[in-house]
Amino acid sequence: MSDQTYGFDTLQIHAGAAPDPATGARNTPIYQTTAYVFRDADHAAALFNLQEVGFIYSRLTNPTVAVLQERVATLEGGAGAVCCSSGHAAQIMALFPLMAPGKNVVVSTRLYGGTVTQMTQTIKRFGWSAKFVDMDDLAAVEAAVDDDTRAIFCESIANPGGYITDLRAVADVADKVGLPLIVDNTSATPYLCRPIEHGATLVVHSLTKYLTGNGSVTGGVVVDSGTFDWSASGKFPSLSEPEPAYHGLKFHETFGPLAFTFHGIAIGLRDLGMTLNPQAAHYTLMGIETLSLRMEKHVQNARKVAQWLEQDPRVDYVTYAGLESSKYFHRVEKVCPRGAGSLFTFAVKGGYESCIKLIDSLEIFSHVANLGDTRSLIIHSASTTHRQLDENQQRAAGADPEVVRVSIGIEDPDDLIADLDQALAKATA
Ligand SMILES: Cc1ncc(COP(=O)(O)O)c(C=O)c1O
């Protein structure tokens, strides 16, 4: 299929897929196999030398997963993609080829709490570090970059506040300092925002969220724009210099715009083993087929619920960027032209106690640590997803102790409003 000529709704169903050549099966089969029979010894050797592309072993490549990789790469406008076992795995897979002991990444203060913990605590064990910066302060972003910085990282729509990052402005800084920009596009999806068009080098996703869309899969993906020159600065030797594990092969010289993708499979998945299983890839492929329809409804519902909450006297404030009162409203058109997503927080009068009563009183909303489900979800971020952060970090991330985070689903919006209404009455009685 010549992908570039089709619209988003067509690509979300067809990109990367074709009727199964062996059986004609119209839906992408689940290739539930660990290994693939080689034609002969020369074929095996060529595959292991990366001289021929094909299937060796499902830790590295699998036909069902390959369709998903091509589907997401196409929807994001990237050159290639590597799926992995979770969104967090995708973040490590994105950083792994760029970083080395002593190197750092400049990251946004407005991030999912688990990512803050990954960046403050866990990556230290690899000898890496992160510098946290408010990405609205572009001078601070540039000032944070030093000789050891290897990437800049932010979320397009930030979890939990739903704040929108000015990706073009941050990408301009990244270009100026010659570094790749990595954007976590989980909360927006490529339907609402395509970070590569705003200058991002790599896009990461938790497939667990809107892309699968129904709370049934844990998965991740790294999409490469294919546009970064890994050889220009000498800062990315894993991609530009001879690779001892492949007899001196240079990934960038050999694979050009697909260097990062090949490295992700041939080194990242091979040695870190954070592989997505084909069953999960199948569920995600089915989810993506309806992505645009779901995201339209998520956005419509979120706007309606946020507007209703904003005028309610029991609510102090609502952070939805799709509200005119939001300081990020002016970025919606530029960064997420189809809408501001369905993730935001609101502050209930009465603080933490009222938040907890509200959550316990809801009937349709589910109290879970997830987002991007067809179902509406709610959580008190400061005591759960952002619990490991101190209060300053929580407030900087948008997880203030007096707010609850909602991920608005695709139910009937009037039912969601009625549910919030009865729960707010109990919470603030
Ligand atoms: C914005 C964002 N990025 C990444 C992740 C991590 O994804 P996963 O849970 O699939 O590892 C999450 C999880 O909530 C998230 O909200």
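The values are calculated or read from the model by the stated rules, or taken from the named source; none is laboratory data. Fair warning: this is a prediction, and the values are worked out from it, not measured in the lab. Because the Cβ atoms are built from the backbone with ideal geometry, glycine has one as well, and the counts that use them run over all protein chains shown. Side chains included, ligands, DNA and RNA excluded: accessible areas come from the protein's heavy atoms. Shrake-Rupley method; radii C 1.70, N 1.55, O 1.52, S 1.80 Å.
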Exercise for review: Take every DSSP beta bridge with both residues inside the chain and express the antiparallel ones as a percent of the total, to the nearest 5.
Suggested key: 60 percent
Exercise for review: Subtracting the Cα-Cα distance from 0.36 nm times the residue separation, let me have the gained length for ASP421 to ILE364 in nm, one decimal.
Suggested key: 19.3 nm
**Study point:** Estimated FRET transfer efficiency (LYS304, LEU272; beta-carbon r; R0 45 Å; 0.05)
**Key:** 0.60
Exercise for review: Give the cross-link partners of LYS235 among the lysines, using a straight C-alpha distance below 19 Å as the criterion and excluding same-chain residues fewer than 8 apart.
Suggested key: LYS103, LYS131, LYS176, LYS250
Check your understanding: For the peptides 23-31, 350-358, what is the packing order when you average, over each peptide's residues, the other Cβ atoms within 10 Å and list the highest mean first?
Key -> 350-358, 23-31
Review point. What nm value, rounded to one decimal, do you get for the distance between HIS43 and LYS327 when each label is placed 7 Å out toward the C-beta?
Key: 6.1 nm
Exercise for review: Show me 413-426, 41-54, 78-91 ranked by packing, highest mean number of other Cβ atoms within 10 Å first.
Suggested key: 78-91, 413-426, 41-54
**Study point:** VAL183 - accessible surface, heavy atoms, 1.4 Å probe, Å² rounded to 10
**Key:** 0 Å²
Check your understanding: Count the lysine pairs in the range 291-427 that are 8 or more places apart or on different chains: how many have C-alpha atoms under 22 angstrom apart?
Key -> 9
Exercise for review: Kindly provide the helix-only [θ] at 222 nm of the chain, computed as the sum of -39,500 (n - 2.57) over DSSP H runs of four or more divided by all residues, to the nearest 500 deg cm²/dmol?
Suggested key: -10000 deg cm²/dmol
Review point. Summing +1 for each Lys or Arg and -1 for each Asp or Glu, what net charge is found among the other residues whose Cβ lies under 15 Å from the Cβ of TYR191?
Key: +1
Point to revise | Among 254-262, 55-63, the order from most to least packed when residues are scored by Cβ within 10 Å on average | key: 254-262, 55-63
Review point. Once the mean 1/r over all distinct Cα pairs of the chain is inverted, what Kirkwood radius in angstroms do you read off?
Key: 22.1 Å
Practice item. Would you please classify the overall shape of the range 308-381 from the alpha carbon gyration tensor, given that a ≥ b ≥ c denote the square roots of the eigenvalues, rounded means a/c under 1.5, and beyond that prolate means a/b larger than b/c while oblate covers the rest? Key: oblate
Practice item. Would you please give the residues with an amide H less than 5 Å from that of GLY80, counting only those at least 5 places away or on a separate chain, with H modeled from the backbone geometry? Key: ASP224
Check your understanding: So how much accessible area does TRP128 have, in Å² to the nearest 10, using a 1.4 Å probe?
Key -> 20 Å²
Point to revise | Cβ-Cβ FRET estimate between PHE8 and ARG168, R0 fixed at 25 Å, reported to 0.05 | key: 0.75
Check your understanding: Among bridges DSSP assigns within the range 291-427, what percent are antiparallel (round to 5)?
Key -> 85 percent
Check your understanding: Taking the Cβ of ALA427 as the center, what net charge do the other residues with Cβ under 14 Å away carry, scoring Lys and Arg +1 and Asp and Glu -1?
Key -> -4
Point to revise | For the range 8-287, size of Cβ-based charge dipole, Lys and Arg +1, Asp and Glu -1, in debye | key: 680 debye
Review point. Once you list every other residue whose beta carbon is under 11 Å from the beta carbon of ASP316, what net charge do they have if Lys and Arg are +1 and Asp and Glu are -1?
Key: -2
Revision key, fill the gap. Quick calc: nm separation of the 7 Å Cα→Cβ label points for ALA245 and ALA140 -> 3.7 nm
